[in-house]
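Student: Dropping the structure in here first, questions after.
The values are calculated or read from the model by the stated rules, or taken from the named source; none is laboratory data. Keep in mind that this is a model prediction, so the values were computed, not measured. Don't worry about glycine lacking a Cβ; one is built from the backbone with ideal geometry, like all the others, and counts go over all protein chains shown. What goes into the accessible areas is simple: the full protein's heavy atoms, side chains included, and nothing from ligands, DNA or RNA. Shrake-Rupley method; radii C 1.70, N 1.55, O 1.52, S 1.80 Å.
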Amino acid sequence: MKTYLRYVLHDTFGVIASTQSNAVFDKTGNLAITAALQEVAVWNLRQGTLLRMLKPEGDEATIAKGQVSYLALSPNGRRVAAGYTTGVIRVYDVATGAMAVAFNGHKSAVTAARFNDGGALLISGGADTDVILWDMVAERGECRLRGHRDGVTDVAFLPAGGALARGAVSCSKDTLVKIWDLETQHCVQTVVGHRSEVWSLDVSPDGTRLVTAATDAQLRVWSIAQAGDAEQAQKDAAAAAAANDGERSDMLVAVYMGSVLRAAADGARAARVRYHAAGALLAVQGGGGGRAVELLRVRGAAEAAKKRRRRVRRHREKAEKRRAAAAAAAGAEGGEGEGGEGEEGGDEGAGAEGGEASDEVIAGDELEALAVVRSAHKTRDGRGARVLLALHNNSLELWSVAAAAAAASSGARKRSGSVEAEDAAAAAVVERMSSLDAHGHRSDVRAVAISGDDQLIASVSKGEAKVWNARTRQCIRTTPCGFGLCCAFAPGDRHLLVGTKEGRLQVVDLASGDRLWDYEAHAGAIWSLDVRPDGVGMATGSADGQVKFWEFEVAKGNLAVVHTRTLKMADDVLCVRYSRGRGKAKRLIAVAVLDATVKVFHEDTLKFFLSLYGHKLPVMSMDMSDDGTLLATGSADKTVKLWGLDFGDCHRSLHAHSDSVMGLRFVRNTHLFFTASKDKTLKYWDGDRFEKVLTMEGNQAEVWGLAVAGDGSFVLSGGHDRSLRVWERTEDMVFLEEEREKELEGMFDAELDRDSKVAAEASGAGPGELEGESAAPGRRTMESVLAGERLLEALDLVVKHGAAARAADRERRRALRRGLPAPAAPPADPMLLGLAPDDRFLRELVRVRAADLEQAIMVLPLAQVEPMAACLSRLLARGLEVELCARCAASMAAGPASMAVTLEQMRLRLRQRLEQARDAVGSNMAGLQLLRRRIDERKNAFVMESEEDRLAKRMRKAAAAATA
């Protein structure tokens, strides 16, 4: 039986900030945390270097299916929560890079997440319309909140000191903003004032304001009810319901204050709105095609009151002018005067014509435009007084607005009370501090190559070519070029050859990074180039229908190429490849043409040798084995064909991928080869047995380039997601039967998701309408199913050995009554691993992740509920894993009436153990407080007097007064 070695994804590099997610600062402001496809990158902004990568842990196939879609940093900055497009949330430790916990709850992409002030709770929203609350301490979900009818776009916690003891707010593309009471797990207020999708919201740091951003150009501001206002909020809700003003609520937690017009000159929607941590600035990121981040200054209470008085005064002056004009117009009955518009938000809150303006502070009184940060590329995220921009071209920019804000504040203080003060505050200057773009390409990686000694990696894209160290993954050279389509290392690995879309052939010196030569090689795009095996020359194939042959020479002390011959074809040339392993006289060159055929010629005379036809669409890539006997072709018709080069016969046609095959490479001196496709996968094949060995998933977009190291130790791929991925060969053996089983498990996991969707559709309810507003937070996954199966096997062992123990006990008592010797003990069961049956079950129970425990228990059949309850009761009697047993008891479904005694016994034992745990916690807390007091006394002993010292001092003073 033939064996193979496994290739696994070892490293991903070249991605600074992927396009699906936001970016965040750490607490110090010196580090930027960005999404790098499946991983999370931590960048040092001062040094411009990669500090560490936070990599997910678990099944490789599961990890490869999704990429990071949202990032949220904990209040203390120690942990970052990464939501993925698959619906999973992984929490990482920023300092160590280890994954702390993973939550499976959302059925589709996580679109928003936020920690509460203490970092003990995490709330998330997804494209599946659900909002889920997670307990970071217990590492499990608390509840799932339903009510939105479209994808959730943003979530936030309400302040703990507000009208709600524990509250949250969410917005959605269904135009609704919902306020949730997390204690009762239901929606207490639904705001329906928006007329388009609501894309973002944020709560001010002091918890008094809520800002929402929708598709239109308005920022809407809401006042949040504070502690002690709950009763009044309920009365306001009743009054609003009676007036039918468009808000459906149990209590008015948020009261509308008005709106402020954005300064979005490009007309882009607002993608994200965030307050600065100090509360003095509000940043609005433009979405869609927006390339700007708008900054608004938040006025203080005194300044907002001054702005309100100014607005009211202006309104009165304009009203008096209108009345004077109406009186002057004889016979006029009073035309409709146009209401004057104040500055920065207009006369919102003004009364009817001729009436008084509102004395309440409105949105325009609190917010004013400060500055606009404009980038040359589309922005995806902005943060803080120092604005961090993650751009769509795979780069980061850091802008400073702190000095401008300070200058505005000082100018306002100097001219306090004047109109010019507010105008000066609005005129701020921003400055770009730095940019981070050297660690990745700005666009798709179109081709990759590996040097002859496997020490260097080359990649080309639109506008630049990069050379990387193959071991450290560091970019060592970046050279401007045209739209690169193909590349190769010249013999000696000191120069790089690049073919461009403009038809130019460029030679780059790797030592200096300079472009030595730039030839007008073809009249069309150069789709392929290949270096001769003897290193004397090279061939290029172009869309102009020509194959040109070049020879290397030294000109002016540098490597140059000279055109020697031209082979004209009847159609566009897509790929050219030299044969290897043959003598010079027998060397062949294969040319793939747009008419879906491959022509093979003798390289020395260019005499026609073979014509290979059979593909239905053009051949996009091909390669020849080193022994010169096989030619493998990959086509846009999704197939790979293996041809014999002796007679041109097709040995086998393989349906290789679900999309076009864009790359194909043999492993040196073997008939094993790799293929890359637009279906985002790489596949490993055996060309002798005509079967697939391995499917390598991980790329998040089309794969354009593929290269294999000379010794076959690693495989390199690059594609539309702008990443370079290294797949290294390991010592693990690949067994084809196990790979097929893994594929079936993946199909089963996909069926689980389909079944849940079918169940939702069969219920007749739309998104957000399933069985009330609150539901269980978990989601069945392959991991939870496998955990449930392990629990079921352990329970079967408990039941089996329990019955065997009872039978052995009966036999022992029967033998004792009859005076016979006791029967021999049964042999030990190796499935128990040397443990007692209950301990064996506890071992499997502890292995289940806290986030999967509920779903794993739900997998168990109803008949196993009673044995599990009895086992948990016995574990509680022994005082083992009390908290875990309590969680299992709360997650179990109702059992038959016959287990009422078992459940009551378990309840009593659980209460007893919990009381003991409570007493132990109380004793520990008292001891810790005592130790803290002792430590404080020792620290302050040199400045504090004891009670005895103070009493002795008073006695001495009294004695001195008596003698005097």
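Student: Working only within the range 556-572, note down all residues that are aliphatic (A, V, I, L, M) and either within 24 Å of Leu645 (Cα to Cα) or open to solvent by less than 20 Å² (accessible area, probe 1.4 Å) (or both). Before you say what the answer is, go through the steps one by one.
Tutor: If we filter the range 556-572 for residues that are aliphatic (A, V, I, L, M), which is where we start, we get 559-562, 567, 569-570.
Within the range 556-572, Ala560, Val561, Leu567, Met569, Ala570 meet the criteria.
Student: Moving on to the next point. Out of (1) touching a residue at least 40 places away in the same chain (Cβ under 8 Å); (2) outside any loop (DSSP other than H, G, I, E, B); (3) in contact with a Ser or Thr (Cβ under 7 Å, 6 or more places away or on another chain), what's the single condition that is false for Asp623?
Tutor: For Asp623, the failing item is (3).
Student: Exactly one of these conditions fails for Ala369: (1) in a strand (DSSP E or B); (2) more than 17 Å from His276 (Cβ to Cβ); (3) at pLDDT below 80. Give me its number.
Tutor: (2)
Student: Then there's this: Restricting to the range 175-198, name every residue that is of a type outside the set (Ser, Thr, Tyr), open to solvent by 10 Å² or more (accessible area, probe 1.4 Å) and in contact with a His (Cβ under 8 Å, 6 or more places away or on another chain). Quick ask: steps written out before the conclusion?
Tutor: So the first thing to find is which residues in the range 175-198 are of a type outside the set (Ser, Thr, Tyr), and the list is 176-183, 185-189, 191-195, 197-198.
With open to solvent by 10 Å² or more (accessible area, probe 1.4 Å) added as a condition, the list becomes 176, 178, 181, 183, 185-187, 192-193, 195, 197.
Across the range 175-198, the qualifying residues are Leu176, Lys178.
Student: Of all the residues that make up the range 182-220, how many are outside any loop (DSSP other than H, G, I, E, B) and within 22 Å of Leu367 (Cα to Cα)?
Tutor: So the first thing to find is which residues in the range 182-220 are outside any loop (DSSP other than H, G, I, E, B), and the list is 186-191, 198-203, 209-214, 218-220.
Filter once more, keeping what is within 22 Å of Leu367 (Cα to Cα): 191, 198-203, 209-214, 218-220.
Of the residues in that region, 16 qualify.
Student: Test Arg725 against the stated conditions and say whether it is under 20 Å from Arg446 (Cβ atoms) and either open to solvent by 30 Å² or more (accessible area, probe 1.4 Å) or among the charged types (D, E, K, R) (or both).
Tutor: Details: under 20 Å from Arg446 (Cβ atoms): yes; either open to solvent by 30 Å² or more (accessible area, probe 1.4 Å) or among the charged types (D, E, K, R) (or both): yes.
Yes: the conditions hold for Arg725.
Student: State all residues of the range 772-819 that are over 60 Å from the mean Cα position of the chain (by Cα), surrounded by 11 or more Cβ atoms within 10 Å (Cβ to Cβ) and not charged (D, E, K, R); if no residue qualifies, say none.
Tutor: Ala815, Leu816
Student: Separate question: Just checking, does the range 573-589 include any residue being of a type in the set (Val, Ile, Thr), within 23 Å of Val661 (Cβ to Cβ) and surrounded by fewer than 20 Cβ atoms within 10 Å (Cβ to Cβ)? Show your work before the answer.
Tutor: Keep residues of the range 573-589 that are of a type in the set (Val, Ile, Thr), which gives 573, 576, 589.
From what is left, the residues that are within 23 Å of Val661 (Cβ to Cβ) are 573, 576, 589.
After this cut, where a residue has to be surrounded by fewer than 20 Cβ atoms within 10 Å (Cβ to Cβ) as well, the list is none.
No, the range 573-589 contains no residue that is of a type in the set (Val, Ile, Thr), within 23 Å of Val661 (Cβ to Cβ) and surrounded by fewer than 20 Cβ atoms within 10 Å (Cβ to Cβ).
Student: State the number of residues belonging to the range 626-678 that are under 36 Å from the mean Cα position of the chain (by Cα) and not in a strand (DSSP E or B).
Tutor: Applying the first criterion (under 36 Å from the mean Cα position of the chain (by Cα)) to the range 626-678 yields 634-640, 654-667, 672-678.
Restricting the remaining residues to those that are not in a strand (DSSP E or B) gives 636-638, 656-660, 667, 678.
The number of residues fulfilling the criteria is 10.
Student: Read through the list (1) more than 25 Å from the chain's Cα centre (by Cα); (2) modelled with pLDDT of 90 or more; (3) part of a loop (DSSP other than H, G, I, E, B), then give the number of the only condition that Ile179 fails.
Tutor: (3)
Student: Being of a type in the set (Val, Ile, Thr), farther than 29 Å from Leu744 by Cα and surrounded by fewer than 19 Cβ atoms within 10 Å (Cβ to Cβ) is the requirement here; does Thr34 meet it?
Tutor: Against the criterion (of a type in the set (Val, Ile, Thr), farther than 29 Å from Leu744 by Cα and surrounded by fewer than 19 Cβ atoms within 10 Å (Cβ to Cβ)), Thr34 does not qualify.
Student: To continue, here is another question. Of everything in the range 465-504 that's among the charged types (D, E, K, R) and assigned to a strand (DSSP E or B), which residue is nearest to the chain's Cα centre (by Cα)? Walk me through it before giving the result.
Tutor: In the first step, residues of the range 465-504 are kept if they are among the charged types (D, E, K, R); the result is 466, 471, 473, 477, 493-494, 501-502, 504.
Subsequent filtering for residues that are assigned to a strand (DSSP E or B) retains 466, 477, 504.
Working: Lys466: 26, Arg477: 29, Arg504: 39 Å.
Only one residue tops the list, namely Lys466.
Student: Hey, another quick one. List the strands (runs of 3 or more DSSP E) inside the range 533-600, counting only whole elements, that have at least 1 residues being in contact with a Ser or Thr (Cβ under 9 Å, 6 or more places away or on another chain) and modelled with pLDDT of 95 or more.
Tutor: Numbers: elements: 537-542, 546-555, 558-568, 573-578, 588-593.
Qualifying strands (runs of 3 or more DSSP E): 537-542, 546-555, 573-578, 588-593.
Student: Follow-up question, since we're still on this one. Given (1) open to solvent by less than 30 Å² (accessible area, probe 1.4 Å); (2) modelled with pLDDT under 65, identify the lone condition not met by Ala304.
Tutor: Of (1) open to solvent by less than 30 Å² (accessible area, probe 1.4 Å); (2) modelled with pLDDT under 65, only one is false for Ala304: (2).
Student: Oh, and also: Can you pull out every residue in the range 504-535 that is in contact (Cβ under 8 Å) with a residue 40 or more places away in the chain and over 18 Å from Ser451 (Cβ atoms)?
Tutor: Those that are in contact (Cβ under 8 Å) with a residue 40 or more places away in the chain and over 18 Å from Ser451 (Cβ atoms): Leu505, Trp517, Tyr519, Ala521, Gly524, Ala525, Ile526, Trp527, Ser528.
Student: For residues that are in a strand (DSSP E or B) and of a type in the set (Val, Ile, Thr), scanning just the range 428-464, find the one that is farthest from Ala17 (Cα to Cα). So that I can check it myself, show each step before the final result.
Tutor: First, the residues of the range 428-464 that are in a strand (DSSP E or B): 431-436, 447-450, 456-464.
Right, trim to of a type in the set (Val, Ile, Thr) and you get 448, 450, 457, 460.
On the way: Val448: 21, Ile450: 25, Ile457: 21, Val460: 19 Å.
Ranking the qualifying residues of the range 428-464, first place goes to Ile450.
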